[in-house]
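Since the structure comes first, as structure tokens, the remarks are kept for the end.
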């Protein structure tokens, strides 16, 4: 990534046009969502897409504050404090402003068009609703979950199960610009779309890992032949892995951890059972791009 | 009384016979230096260096240029090479008290080795520690600890969340913490719906939420404890990993220095400190903005703590150190703590401690010029303190005087074992002895260097060896023995005594070098007597401007000096002018006038405060002589005045007192004095003529004037007989004496001198104390009697008029 003298980063030149014209990103100021925002901005710059920031004022919180006995336990004092609706609304407005400021900062850095919307309601529902017009929804793997669990947050789960959009689930410690990419490939059309997107996402110098999942042992040869048609001849760093006849998400997760190759690109419409895919996404601690709309590249 | 004869030419110059030398040229000498004629001083040096008790330091006293430093260095270089090599010293970081760096003592040569070893070790740590902490094993363990904490926290909250969910209550994250709320179909119950519930149902929910809150509070209260536990585990893990990485490196180092307890203790402390601060070795280089903010400098300075500041390195020494400190400023003696300017602030650390001469000379010998030491502020006090306390404590002058206000260091003092040799003029020694009580405690031995040595074969050969050594050292042309003999004669002249040779070796060395210059100019392979003479003459000419001006003024009668006629009450005295390192003689006219008075002799020089105390003393002495000789029969009824004519500056010394007495006797006796003679010598109350200084210059001064006017055989000088041994005159003077053109009369009593000066016998008193009428003394007696009668008559008439 080059840098101008003003510090703005210029995305590398890409040829062709993209189906992704709009990228929505949910921002709740959690670390995962900040990572999501950075990635979304970088992708928007690369694909000349518009960036849409979404902040949702959680209706559950507001309702709770109106309940007569409502109290919150502060993190740093562990003491219960009465909740005040006005105060809560003020805090939510501050969070919204922080989210907008973060969006503006990243958008300016990557020089992308951007807009920001604040909605009120149930967070998963509102995020998906706000992202209806977008071609890609970028979310943190988990948001402001009380339990700090490793698995997916409620919004991410809803986006996987209740949306037909391409969904990119990010987590802290990863960046789309620095990482290699691992694609699950089983020969299906959706997995071919995943390969195409992965090639577009991959930055020069990074490695494209392809994990071939032949249904029958020995199919990997045919798969490799297919892939040579899909992968540009000038692409130097491609590594092939084979894991035949696997349907267990835990085995897949273990293998992917071992490969440790960054962003995981897959489709929930490939030959593998969707449940395996969702379990894998829940289990794996890597950023995941779930491809659904038949490829980004026209 | 018989008058003395003029001195024979042989008495005027002590020749050095070149043939008495067994060598032909100085090339045949071995070129080694011999300190001759200084046995007393050398004994003192030997004693001082040999005695090992406190305070037996040495003060080498004597005029500058007498070879004190050469002698001391010559002796010390002999014993220093035989002495043991002292230990190395270095300063290291003090982990417990960073402001008090620790001093580390190591065997000679080990300090630099330790410094190199530590540098290599730290360099290795920058590889070893990051490797250890980026290893898969460490990462996995660290992650496991973090996850363990996370899981513990998650499990507790999830359990509570599950319990809450069983009662349709959700745990919700608020902007500032956590809260519980009743839910229906995954959404928090709207307040109006909640209010529609029966009171009993609401109470159950509220009770349940209250219970959950309590449980949540207890979980929250435990989280910091779990966090601490996790941090402790990570800390322990870090310590183990750092220890594992660092230990083998230190083990090797400790093994190398196992015999040095202090070093192994230091290594132990440093090892623990590195383990404590392992994270510093993991940090990457500062980003550009950090460098700008000065953070990188701070980071760099952190690792300074593992450096070794080698203060004294004796790895190349072959014996005890022998140090001459040319600029004995305080910080050059006891060392200094330097500072660096960082972002406008002065900072320092133990690596900026600089060694002083005392550090370098520790275990050996330190030579210092006393005058230079005393003119350096606080240096003398600092040296005394170091010697008294037997340790070197570095104190920054700037800190002592609050010239800078910044954090400084107080390094651990280093034990001191040194012999200090001060060198200086005698007056410095006597001043220090008188005014500084510490001095005699700390410098108990004085090596008093002689000003001259005997002019005997040993002395002359010592001169030859000295010349040979100078030639060898300065790579000059060698001297043939005639040149050596001429230099010996010059040394004799400089000593101002024909029986002595000057010990001012600096002057001899100068004339050696100057002579060699002229030999080179004349393309001579060897320096000959002519070259030495050339150098001596050239030196005289170079310094002769004032002398020639004076002589010119005299020849033009601007300064009135009569060298041909006879005058009453007037005499030619001889004075010596000292300008720089050159001196010359010149005659001066002294006159005396008498009148009736109360027996007083007025010294006009004293009256106008142009005469020094010794000169005034001389005049009073001659008054005593007059009173004793002529005042026994009658009171001295005279008033006499004495003056140096055309003297426009002060006069000191009593060497003209005999001349003044001659002038006074001439005035009283009305006997003219021969102006072609000049006089020098002091006189005592018995009329005996006593020795004076600068006799050669005085004789030559008058000789030069008379020569300029034309010698006619009458010219001469009266000198005290006790000065005969001091005569070492120029060759032209000796030749003139040989030719009978100039005479030098050695006079022992004033009566001898007056007869030479007037041609009339002084006369001897008979039993009644009366002198023959035609003698000078008889005329004086008669004149004084006449004056007494006149005064008596005058007084009587005055008294009658008064009545």
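The numbers here are math on the coordinates, done by the rules we state, and not lab data. A quick note: this is a predicted structure, and the numbers were derived from the prediction, not measured. Every residue, glycine among them, receives a Cβ derived from its backbone with ideal geometry; neighbour counts consider all protein chains shown.
The figures follow:
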| read-out | value |
| --- | --- |
| Stokes-Einstein translational diffusion, the stretch B:531-580 - Kirkwood Rh over all Cα pairs, 0.890 mPa s, 25 °C, in µm²/s | 184 |
| Rg/Rg_ref, the stretch B:207-287, where Rg_ref = 2.2 N^0.38 Å and atoms are Cα | 1.86 |
| Length gained when the stretch residue B:617-residue B:304 is fully extended (0.36 nm per residue, less Cα-Cα span) | 105.5 nm |
| Antiparallel content of DSSP bridges confined to the protein assembly as shown, in %, to 5 | 45 |
| Taking B:792, B:779 and counting other C-beta atoms within 10 Å, the order from fewest to most | B:792, B:779 |
| Relative frequency of Cα-Cα separations exceeding 23 Å in the stretch A:181-291, percent | 17 |
| Per principal axis, descending, Cα span of the stretch B:134-278 in whole Å | 88, 28, 22 |
| Kirkwood-Stokes translational diffusion coefficient of chain A, alpha-carbon pairs, 4 °C, 1.567 mPa s, µm²/s | 64 |
| Dimensions in Å of the stretch B:684-803 - Rg and Dmax from alpha carbons | 20.7, 71 |
| Fraction of beta bridges assigned by DSSP in chain A that are antiparallel (%, nearest 5) | 20 |
| Ellipsoid equivalent to the protein assembly as shown - semi-axes via the Cα gyration tensor, in Å | 115, 35, 28 |
| Footprinting exposure proxy for B:152, A:111, B:481 (fewest neighbouring C-beta atoms within 10 Å first) | A:111, B:152, B:481 |
| Length-normalised contact order for the stretch B:140-207 - Cα pairs under 8 Å, 6+ apart - percent | 15 |
| Over the stretch B:650-691: Rg over Rh, Cα atoms, Kirkwood Rh | 0.99 |
| Mean projected area (nm²) of the alpha-carbon convex hull when the stretch B:325-409 is viewed from all directions | 5.9 |
| Beta bridge orientation in the stretch B:555-766: antiparallel %, DSSP, nearest 5 | 60 |
| All Cα pairs of the stretch B:562-643, percent lying beyond 22 Å | 37 |
| Most fluctuating residue given options A:131, A:44, A:65, as computed from a GNM of chain A linking Cα atoms under 10 Å | A:65 |
| FRET efficiency for residue A:235 and residue A:258, using Cβ-Cβ distance with R0 set to 25 Å, rounded to 0.05 | 0.60 |
| 25 °C / 0.890 mPa s Stokes-Einstein diffusion coefficient of the stretch B:107-171, Kirkwood radius on C-alpha pairs, µm²/s | 151 |
| For the stretch B:555-766, alpha-carbon Rg and Dmax in angstrom | 16.3, 52 |
| Helix axis angle, B:613-630 relative to chain B longest principal axis, alpha carbon, degrees | 30 |
| All Cα pairs of the stretch B:512-618, percent lying beyond 15 Å | 76 |
| Per-residue mean of C-beta atoms belonging to partner chains within 10 Å, peptide B:153-160 | 3 |
| In range of the label at residue B:255: residues from the stretch B:96-115 whose backbone nitrogen is under 18 Å from the point 7 Å along Cα→Cβ | B:114 |
| Helix B:481-495 axis, angle to chain B major axis (alpha carbon atoms, nearest 10°) | 90 |
| Per-residue Cβ neighbour rank within 10 angstrom, fewest leading, B:751, B:273 | B:273, B:751 |
| Average other protein chain Cβ within 10 Å of Cβ, residues B:197-206 | 1 |
| Helix-only [θ]222 nm of the protein assembly as shown, DSSP H runs n ≥ 4, -39500 (n - 2.57) each, per residue, nearest 500 | -14500 deg cm²/dmol |
| Relative pair counts by distance (%), Cα atoms of chain B, 10 Å bins | 2, 10, 13, 13, 12, 11, 9, 7, 6, 5, 4, 3, 3, 2, 1, 1, 0 |
| In degrees, nearest ten, helix B:199-256 long axis to first principal axis of chain B (Cα) | 40 |
| Exercise: per-residue mean of other protein chain Cβ atoms within 10 Å, A:86-92 | 2 |
